[in-house]
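**Student:** After the structure tokens below, expect a handful of questions from me.
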Amino acid sequence: MNTLDFLHRVLPSDGYYCGGLLSPRTGQKDYFSQKFFTSLEDLKDFLSIVSDKGYNSYYAISSFTESGSRKRPNVKRTKLFALDLDVGKENNSYATQRDALAAFKDFMERAGLPKPMVVSSGKGFHIYWVLTRELEYTEWFPIAEGLKATYLAHGLIVDPTVPSDCTQILRAPD
């Protein structure tokens, strides 16, 4: 699946879309810069250009009502639930990709959730449950909190900010 097909599959059909890049600064904390787009094609072009220049590129998992703000009150709709399974980090992480996938497979068997889309995020994995309809925040958030509680109750090690943050940015495939 190419980047544009992926974006069409996981993002809502309208609103403003956010893409970003992580720019390293020598001797300082990395700098995150974001831009907003009115089409998925423009978002995909931005992500490709940023990536081709050697930067890490990201997209926000929701669409937004207005350009310029990735804050929760500006979220228009969300079309997925996501998990970030990190590998090799100091906290909330698995030692290897094999460990992360084994733990996730065990979790899925015990939790009885539908099969998700799994995307390599570099060292770890992004897990997506893509919905058949787009949800507004008031519908999305209680389900996201319930899923987060399920992950934690089953002992799955996840980045704790991702499951219930509809403004979350994740690395784009390709």
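The values are calculated or read from the model by the stated rules, or taken from the named source; none is laboratory data. No experiment lies behind these values; they were computed from the predicted model shown. Please note: Cβ atoms are built from the backbone with ideal geometry, for glycine as well, and neighbour counts cover all protein chains shown. The protein model used for the area step is the full one, side chains on, heavy atoms only, and it has no ligands, DNA or RNA in it. Shrake-Rupley method; radii C 1.70, N 1.55, O 1.52, S 1.80 Å.
**Student:** With +1 assigned to the C-beta of every Lys and Arg and -1 to the C-beta of every Asp and Glu, and no other charges, what is the dipole magnitude of the chain about the Cα centre in debye, to the nearest 20?
**Tutor:** Roughly 160 debye, rounded to the nearest 20.
**Student:** Which listed residue (91, 173, 1) has the Cα farthest towards the positive end of the charge dipole for the chain, taking +1 on Lys and Arg C-beta and -1 on Asp and Glu C-beta about the Cα centre?
**Tutor:** With unit charges placed on the Cβ atoms, the residue in question is 91.
**Student:** Here is a further query. Counting only GluC sites (Glu not before Pro) that sit in a DSSP loop (anything but H, G, I, E, B) with at most 11 other Cβ atoms within 10 Å, what is the longest stretch of the chain containing none of them?
**Tutor:** Longest gap between qualifying sites, sites excluded: 91-174.
**Student:** Provide, for segment 1-115, the number of lysine pairs with alpha carbons under 16 Å apart, each pair being eight or more places apart or on different chains. Walk me through the intermediate numbers first.
**Tutor:** Numbers: 35/44; 35/71; 44/53; 79/115; 105/115.
Count of close lysine pairs: 5.
**Student:** Only Lys, Arg, Asp and Glu count, each charged at its Cβ (+1, +1, -1, -1), so figure out the dipole size of segment 101-166 about its Cα centre, rounded to 20 debye.
**Tutor:** For this selection, approximately 300 debye.
**Student:** Length gain on complete extension for the stretch residue 98 to residue 9, per 0.36 nm per residue less the alpha carbon to alpha carbon distance?
**Tutor:** That pair, residue 98 and residue 9, stretches by 29.4 nm at full extension.
**Student:** Which whole number in µm²/s is D for the chain by Stokes-Einstein, with the Kirkwood Rh taken over Cα pairs at 37 °C and 0.692 mPa s?
**Tutor:** Values: Rh = 16.7 Å.
Approximately 197 µm²/s, per Stokes-Einstein.
**Student:** Let me ask something else. Express the Stokes-Einstein translational diffusion coefficient of segment 61-108 in µm² s⁻¹, to the nearest whole number, given a Kirkwood radius over alpha-carbon pairs, 4 °C and a viscosity of 1.567 mPa s.
**Tutor:** 98 µm²/s
**Student:** Suppose a student asked you for the relative contact order of the chain, using Cα pairs under 8 Å spaced at least 6 residues apart; what percent would you report?
**Tutor:** On the way: 315 pairs, mean separation 44.1, N = 174.
Taking the mean separation of contacting Cα pairs over the length of the chain, I get 25 percent.
**Student:** Rounded to a whole number, what % of the accessible area of segment 43-154 do carbon and sulfur atoms account for, probe 1.4 Å? Present the calculation step by step, with values, prior to reporting the outcome.
**Tutor:** Numbers: 2990 of 6070 Å².
Percent of accessible area from carbon and sulfur atoms in segment 43-154: 49.
**Student:** Now for a separate question. Heavy-atom accessible area per residue, the chain, 1.4 Å probe: how many Å²?
**Tutor:** Value for the chain: 53 Å² per residue.
**Student:** Apply 1/(1 + (r/R0)^6) to the Cβ-Cβ distance of residue 55 and residue 89, taking R0 = 25 Å, and write down the FRET efficiency to the nearest 0.05.
**Tutor:** The pair residue 55/residue 89 has a calculated efficiency of 0.80.
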